[in-house]
Ligand code: PFF
């Protein structure tokens, strides 16, 4: 193990940095749209159960692997057994594919910032979104702009400033979400929206929904892609793993719930389809802003903060790939950043065109954008997570004692890690697909 590994200056800065990586479009854009498509409250219930009892185990494992080995994802797997290096690469492939659709949404955010900045607010956002996203030039340009803005950070190797900004922007973001959620629940359709979100309709329950809830839970917590291993590697010796994991889960879940409470009442007030898909937040939220006094101001602040939340997540994705390329191909940070950016650019251009000229180009019945979203979240993340649990549970002697302690609680977690979580992951993967 290396001696001079940098450490987070305090427990709180570790938590804020990890929350900064976890909280992003997964909470504000993906969570409501996936919940809307999967029956609302029944999805939420499944998601909460999975996150609290299942996903917490691999989350603790990733943090502990980072803390114990103090290396990036690939070298962590390699240190456990050189044959496992391949699994580290699977995490890196996943975290490189995610930006190829995530940054398209980042481009949409840039467009909305421009709308509210220039006060050219359209009357009907449903129409506006479909005409904007189906264009050729602007969505591609904005996706690439978002990519370049994000890639600047790993390229220059300066994440310090962004970490400081995180400490101000994240609490501010939470505050504006609370204000908007309060406004949303005073709207005429609020009751219906809240029922949709909190009153489960058990007839909507199905096996593929469990896989989707699992994919969302892993996506939002950034599990199964090596990022948490990397973040855990900067942990101080005395930082408690289980406590940190639950703190992260609570912060992330509160933000996601606030996003839902903000979006669904508006969806029902304005007659938007809850199952509208990827466009949901981009149709319903601006409708709400248009109703508020100083609409451009709220819209602008909201999208700037959302931009910030997504860029911090984006940076952590790129940084994971860049670090892996640097370490494993022995190339400079700048070269690794350029290669990473080029790969993502090549895939994200057709992905950005999935809503227009390439809407008929389908892989397994999905547009490239939807396919990347589905394949990474619902297949690669559960698979990588399964591997992480199996390796941590079965290939590292007494790993569970180091993570969970030798108490009764520790023993229960050990059974979860070795048997229950892998069995559930296999079951959900096999039946869901
Ligand atoms: N968890 C982030 C979100 O919910 O937006 C997405 C993410 C961040 C994925 C970091 C991957 C990653 F490495």
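Quick note: the coordinates plus some simple rules give every number you see, no bench work behind them. Keep in mind the model is a prediction, meaning the values are calculated, not measured. When we count neighbours, we look across all protein chains shown, and the Cβ atoms used for this are built from the backbone with ideal geometry, even at glycine.
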Checklist entry - Stokes-Einstein at 4 °C, 1.567 mPa s, Kirkwood radius from Cα pairs: D for the range 267-388 in µm² s⁻¹? => result 73
Checklist entry - What is the Cα centroid distance between the range 27-101 and the range 308-349, reported in whole angstrom? => result 18
Checklist entry - Rule-of-thumb check for the chain: C-alpha Rg over 2.2 N^0.38 Å? => result 0.94
Next on the checklist: Bin width 5 Å, origin at 0, all Cα-Cα pairs of the range 288-345: what percent of pairs per bin?
Outcome noted: 4, 18, 17, 14, 10, 9, 8, 8, 6, 4, 1
Checklist outcome for this item: note: the range 242-285, Cα-Cα separations exceeding 13 Å make up a percent value of 58
Item to check | Alpha-carbon Rg/Rh ratio, for the range 248-317, with Rh computed the Kirkwood way | outcome: 1.00
Checklist entry - Can you tell me the Rg and Dmax of the range 1-117, counting just the alpha carbons, in angstroms? => result 18.0, 53
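Which values, in whole Å and largest first, are the semi-axes of the equivalent ellipsoid of the range 320-383 obtained as the square root of 5 times each eigenvalue of the Cα gyration tensor? Can you show the working numbers first?
Working: eigenvalues 158, 50, 8 Å².
Whole-Å semi-axes of the equivalent ellipsoid: 28, 16, 6.
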Checklist entry - Roughly what percent of Cα-Cα pairs across the range 31-78 reach past 16 Å? => result 55
Checklist entry - When only alpha-carbon atoms count, how far does the range 44-106 stretch along each of its three principal axes, as whole angstroms with the largest first? => result 39, 32, 18
Item to check | Relative contact order [Cα under 8 Å, 6+ residues apart], the chain, whole percent | outcome: 34
Item to check | Estimated 222 nm signal from helices in the chain, with DSSP H stretches of n ≥ 4 weighted -39500 (n - 2.57), rounded to 500 | outcome: -23000 deg cm²/dmol
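With the Cα gyration tensor of the range 368-433 in hand, convert its eigenvalues to equivalent ellipsoid semi-axes via √(5λ) and list them largest first in whole Å. Don't skip to the end; give the middle numbers.
Working: eigenvalues 163, 27, 16 Å².
Semi-axes, largest first: 29, 12, 9 Å.
Peptides 398-409, 339-350: what's the order by average Cβ count within 10 Å, highest mean first?
Values: 398-409: 15.3, 339-350: 18.7.
The most tightly packed comes first, giving 339-350, 398-409.
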Checklist outcome for this item: Semi-axes of the range 359-403 from the Cα gyration tensor (sqrt of 5 times each eigenvalue, largest first, whole Å) come to 36, 7, 5
Checklist outcome for this item: Listed residues 102, 33, 128; largest mean-square fluctuation, Gaussian network over the chain with Cα springs below 10 Å, found at 128
Checklist entry - So what's the range 108-241 giving for Rg/Rh, alpha carbon basis, Kirkwood Rh from the mean inverse pair distance? => result 1.02
Next on the checklist: With N set to the number of residues, divide the alpha-carbon radius of gyration of the range 69-148 by 2.2 N^0.38 Å and report two decimals.
Outcome noted: 1.67
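Could you work out the Rg to Rh ratio of the range 321-433, with Rh taken as the Kirkwood radius (inverse of the mean 1/r over all Cα pairs)?
Rounded to two decimals, Rg over Rh is 1.13.
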Next on the checklist: Sort 421, 412 by Cβ crowding within 10 Å, fewest neighbours at the top.
Outcome noted: 412, 421
Checklist entry - Taking the chain as a Gaussian network, Cα atoms linked when under 10 Å apart, which of 24, 410, 39 shows the biggest mean-square fluctuation? => result 410
